[in-house]
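Novice: Got a structure for you, written out below as structure tokens; questions coming shortly.
The values are calculated or read from the model by the stated rules, or taken from the named source; none is laboratory data. As the structure is a prediction and not an experimental result, all values here were calculated from the model. Quick reminder, even Gly has a Cβ in these numbers, built from the backbone with ideal geometry, and neighbours come from all protein chains shown. Protein only, heavy atoms only, side chains kept; ligands, DNA and RNA dropped before computing areas. Shrake-Rupley method; radii C 1.70, N 1.55, O 1.52, S 1.80 Å.
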Amino acid sequence: LLIRPYMIITNIINKIKMINFLKIFIILIFTSSILGCTNNQIENNVFSPDKINLKVLNSDKKSLKEYEFYIINFWASWCIPCKNEVPILNRLNTENKNLKVIGISIMDVYSESLNFIKSNNVQYRNYWDENLVSLKSLNSINSIPVTLIFNDQNEIIQRFDGELDQESYFKILEIIKK
């Protein structure tokens, strides 16, 4: 007798999850179609995070100019692969003096982004991009997570689509040790 109400509630919860997923999917499609129709390509493959206006989630005092390389990782609190790659990004940020990791939360709620940083012990600089201004410069980002490696000239030298793993970790080390 108690199983029936449980099944009804479970069914309702699953429908709500599907609706939320569809909303996010539609936002992604809409965003990529708008950005894909504009001519916002990175000029000469150059991008500077200092030139865009983002809300700080957590930060440090060092300037990007103090690093030979930096990483920008696009993520969202609801993204499981984004959560899984935090330990790798933390390691890269703390173990390499010539590299700075920066996270940019997109398509997310500010409070959820803050909660993600706290609950996952994120130890690198992070911003919240409410209006997707960072994507207007990088219109080739259609999914998350995406990780871009930049040199000190703000040029993209490597891109990783999807979750970072041990193989990508060692590839990044290889790039920044050259």
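Novice: Is there any pair with a first residue in the stretch 63-91 that is at pLDDT below 95 and open to solvent by 10 Å² or more (accessible area, probe 1.4 Å) and a second that is assigned to a strand (DSSP E or B) and of a type in the set (Ser, Thr, Tyr) whose Cβ atoms are under 6 Å apart and which are 6 or more apart or on different chains, and what are they?
Specialist: As it stands, the answer is 64/70, since those pairs meet every condition given.
Novice: Out of the residues in the stretch 105-141 that are of a type in the set (Val, Ile, Thr) and touching a residue at least 60 places away in the same chain (Cβ under 8 Å), which is farthest from residue 162 (Cα to Cα)?
Specialist: Of the residues in the stretch 105-141, the ones of a type in the set (Val, Ile, Thr) are 106, 109, 117, 122, 133, 141.
Checking the rest, the ones that are also touching a residue at least 60 places away in the same chain (Cβ under 8 Å) come to 117, 122, 133, 141.
Working: 117: 19, 122: 18, 133: 21, 141: 11 Å.
Once the filter is applied, the top-ranked residue is 133.
Novice: Within the stretch 93-112, is even one residue hydrophobic (A, V, I, L, M, F, W, C), more than 17 Å from residue 70 (Cα to Cα), crowded, with 21+ Cβ neighbours inside 10 Å and modelled with pLDDT under 95? Before you say what the answer is, go through the steps one by one.
Specialist: Quick first cut of the stretch 93-112, residues hydrophobic (A, V, I, L, M, F, W, C) only: 99, 101-102, 104, 106-107, 109.
Going one step further and asking which of them are more than 17 Å from residue 70 (Cα to Cα), we end up with 106-107, 109.
After this cut, where a residue has to be crowded, with 21+ Cβ neighbours inside 10 Å as well, the list is 106.
Then keep just the ones that are modelled with pLDDT under 95; that gives 106.
For the stretch 93-112, residues hydrophobic (A, V, I, L, M, F, W, C), more than 17 Å from residue 70 (Cα to Cα), crowded, with 21+ Cβ neighbours inside 10 Å and modelled with pLDDT under 95: present.
Novice: Separate question: Across the stretch 120-150, what is the total count of residues that are β-branched (Val, Ile, Thr) and either surrounded by fewer than 16 Cβ atoms within 10 Å (Cβ to Cβ) or more than 13 Å from the chain's Cα centre (by Cα) (or both)? Let's see the steps before the verdict.
Specialist: Of the residues in the stretch 120-150, the ones β-branched (Val, Ile, Thr) are 122, 133, 141, 144, 146-147, 149.
Applying the additional criterion that residues be either surrounded by fewer than 16 Cβ atoms within 10 Å (Cβ to Cβ) or more than 13 Å from the chain's Cα centre (by Cα) (or both) yields 133.
Residues meeting the conditions: 1.
Novice: Additional query: For the stretch 111-133, give me the residue count where each residue is part of a loop (DSSP other than H, G, I, E, B) and either of a type in the set (Ser, Thr, Tyr) or touching a helix residue (DSSP H, G or I) at 6+ places or on another chain (Cβ under 9 Å) (or both).
Specialist: Within the stretch 111-133, the subset part of a loop (DSSP other than H, G, I, E, B) is 120-124, 130-132.
After this cut, where a residue has to be either of a type in the set (Ser, Thr, Tyr) or touching a helix residue (DSSP H, G or I) at 6+ places or on another chain (Cβ under 9 Å) (or both) as well, the list is 120-124, 130, 132.
Residues in the stretch 111-133 being part of a loop (DSSP other than H, G, I, E, B) and either of a type in the set (Ser, Thr, Tyr) or touching a helix residue (DSSP H, G or I) at 6+ places or on another chain (Cβ under 9 Å) (or both): 7 in total.
Novice: Taking residue 153, is it open to solvent by 70 Å² or more (accessible area, probe 1.4 Å), over 17 Å from residue 83 (Cα atoms) and not small (Gly, Ala, Ser)?
Specialist: Numbers: open to solvent by 70 Å² or more (accessible area, probe 1.4 Å): yes; over 17 Å from residue 83 (Cα atoms): yes; not small (Gly, Ala, Ser): yes.
The answer is yes for residue 153.
Novice: Follow-up question, since we're still on this one. Among the residues that make up the stretch 143-155, is at least one of them of a type in the set (Phe, Trp, Tyr) and either touching a Pro at 6+ places or on another chain (Cβ under 8 Å) or under 15 Å from residue 176 (Cβ atoms) (or both)? Explain how you work it out, then say what you get.
Specialist: Taking the stretch 143-155 and keeping what is of a type in the set (Phe, Trp, Tyr), we get 150.
Imposing the further condition that a residue be either touching a Pro at 6+ places or on another chain (Cβ under 8 Å) or under 15 Å from residue 176 (Cβ atoms) (or both) reduces the set to 150.
Scanning the stretch 143-155, I find at least one residue that is of a type in the set (Phe, Trp, Tyr) and either touching a Pro at 6+ places or on another chain (Cβ under 8 Å) or under 15 Å from residue 176 (Cβ atoms) (or both), so the answer is yes.
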